[in-house]
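Below: the structure, in structure tokens.
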Amino acid sequence: MILIDPPRVPWRGRLWSHLASDTSYDELHAFARALDIPERGFDRDHYDVPQEWYDAVVAAGAHPVSSRELVSRLRAAGLRRHKRAMSDHPD
């Protein structure tokens, strides 16, 4: 299922939502391509979506959920990808 959380993350003068799938990355990428969401918006396990696109993304079939539920469902599906700690990077 495609999920989107409320646009609450401030960045570069805008508010952003996270678009994710609790099924597969293939499902997520296909959904994003269908809406012309740029690939550069993909960040590890989700796409960053600006507030002004939120209604169109929901109208296209994304299910609104809280940020907490989005992360919980990604974890339950084994699709959550964490940022690597700086100490994990090779020297």
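Points worth noting:
- Pairs where the first residue, in the range 60-75, is β-branched (Val, Ile, Thr) and the second is part of a loop (DSSP other than H, G, I, E, B), C-beta under 8 Å, 6+ apart: Val65/Asp5; Val71/Arg80
Residue-by-condition table, conditions (1) within 13 Å of Ser21 (Cβ to Cβ); (2) modelled with pLDDT under 95:
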{"residue": "Ala59", "(1), (2)": "no, no"}
{"residue": "Val65", "(1), (2)": "yes, no"}
{"residue": "Arg68", "(1), (2)": "no, no"}
{"residue": "Arg73", "(1), (2)": "yes, no"}
{"residue": "Gly78", "(1), (2)": "yes, yes"}
{"residue": "Asp91", "(1), (2)": "no, yes"}
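- For the range 1-40, the tally of residues that are free of Cβ contacts under 8 Å to residues at least 24 places away in the same chain, crowded, with 16+ Cβ neighbours inside 10 Å and either out of contact with any Gly (no Cβ under 8 Å at 6 or more places or on another chain) or within 20 Å of Ser72 (Cβ to Cβ) (or both) stands at 1.
- Unmet requirement for Ala59, which otherwise passes all of (1) over 13 Å from Ile2 (Cβ atoms); (2) loosely packed, with under 11 Cβ neighbours inside 10 Å: (1)
The values are calculated or read from the model by the stated rules, or taken from the named source; none is laboratory data. All figures in this text were calculated on a predicted structure; none of them were measured in a lab. Every residue, glycine as well, gets a Cβ built from its backbone with ideal geometry; the counts of neighbours run over all protein chains shown.
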